[in-house]
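See structure below.
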2 protein chains.
Amino acid sequence: MIDLDELKFDNGLIPAIAQDNETGEVLMFAYMNREALEKTIETGIMHYWSRSRQKLWKKGESSGHLQTVKELLVDCDMDVLLAKIEQEGGACHKGYRSCFYRNIEGEVVGEKMFNPEDVY
Amino acid sequence: MIDLDELKFDNGLIPAIAQDNETGEVLMFAYMNREALEKTIETGIMHYWSRSRQKLWKKGESSGHLQTVKELLVDCDMDVLLAKIEQEGGACHKGYRSCFYRNIEGEVVGEKMFNPEDVY
């Protein structure tokens, strides 16, 4: 087990990428603080630090769209995490499977999973 | 085309995830400033902002391990980029295909592509 003290938290936060364990689709990007990472490891369910709400954020707690960790990877510099997960429903609060549903040309290329108004 | 002024740069930087366009493997994570993003769009070759060197960084300029952009995606909040790329050689300066070559258990799970001493 990697000593969590070796990880580099920047202002207390480390970037975390969530990727679908089966399809490889990148679903979302958010930050974890040490507590969120510990909760994630302990429970096997993704927890983040919500910068907008300034609180621990169990992803899917209100929507039911939980993320179950299959594998947790660290990068060479020990300052980024990559979580391979199983996603319930959609990762994006806009109703898409992935938050990366638009390309730079502005076209929607992602799959819509739910109507946000029904969920939030 | 999305107006680049709509993107949210945090202290001038936006996180960018590079993913293998064919295999879906997440290869690296770094930051772009506006100039790096413009260069990336203009040339089709990934450019980042090196925080350690405080300069524009054409990935692979010294190693030859260039990254060719196949698709550039933006997230729902317009504050993260996902680039689907074609990677020459390995993305990681430690010689691995991906920077995410270790899991949280400390095991090496990634593929070694080259000896860093031969390249840098």
(message) So for chain A, if I pair up every lysine 8 or more residues apart or on another chain, how many of those pairs have alpha-carbons under 27 Å apart?
(response) 29
(request) State, in angstrom, two size descriptors of the stretch B:71-117 derived from its alpha carbons: Rg to one decimal place and Dmax to the nearest whole number. (result) 13.8, 40
(request) For the stretch A:1-96, report the accessible area per residue in Å² (1.4 Å probe, heavy atoms, rounded to an integer). (result) 45 Å²
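First obtain the Kirkwood hydrodynamic radius of the stretch A:1-98 from its Cα pairs, then insert it into the Stokes-Einstein equation at 20 °C and 1.002 mPa s, and state the resulting D in µm² per second as a whole number.
Working: Rh = 13.4 Å.
D = 160 µm²/s.
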(request) Nearest 100 Å² is fine: how much accessible area is buried between A and B, summed over both sides, with a 1.4 Å probe? (result) 3000 Å²
(request) Tell me, for the rotation carrying A onto B, which chain A residue has the beta-carbon closest to the axis and what that distance is in whole Å. (result) A:Gly24, 1
(request) Along Cα→Cβ, 7 Å out, is where each label goes; now give me the distance between the ones at B:Asp3 and B:Gln54 in nm to one decimal. (result) 3.3 nm
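What does the charge count around A:Leu27 come to, taking other residues whose C-beta lies under 13 Å from its C-beta (Lys +1, Arg +1, Asp -1, Glu -1)?
Values: positive: A:Lys59, A:Lys70, A:Lys84, A:Lys94, A:Arg97; negative: A:Asp20, A:Glu22, A:Glu25, A:Glu86, A:Glu88, A:Glu111, B:Asp75.
Within the 13 Å Cβ shell, the charges total -2.
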(message) Under the convention of a label 7 Å out along Cα→Cβ, give the distances in nm from A:Leu13 to the same position in every other copy, shortest first.
(response) 1.2
(request) For B:Arg51, place a label point 7 Å out from Cα along the Cα→Cβ vector, do the same in each other copy, and report the separations in nm, one decimal, smallest first. (result) 1.0
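For chain A, which span is the longest to avoid every loop-located (per DSSP) member of trypsin sites (Lys or Arg not before Pro) having at most 14 other Cβ atoms inside 10 Å?
On the way: sites that count: A:Lys8, A:Arg51, A:Arg53.
Answer from the scan: A:54-120.
Ignoring ligands, DNA and RNA, please state the percent of accessible area on chain B from carbon and sulfur, probe 1.4 Å.
Numbers: 2390 of 5760 Å².
The value for chain B is 42 percent carbon and sulfur by accessible area.
The values are calculated or read from the model by the stated rules, or taken from the named source; none is laboratory data. Owing to the predicted nature of the structure, the values given are computational and were not obtained by experimental measurement. No Cβ is skipped: glycine too gets one built from the backbone with ideal geometry, and neighbour counts run over all protein chains shown. For accessibility, only protein heavy atoms count, side chains too; no ligands or nucleic acids. Shrake-Rupley method; radii C 1.70, N 1.55, O 1.52, S 1.80 Å.
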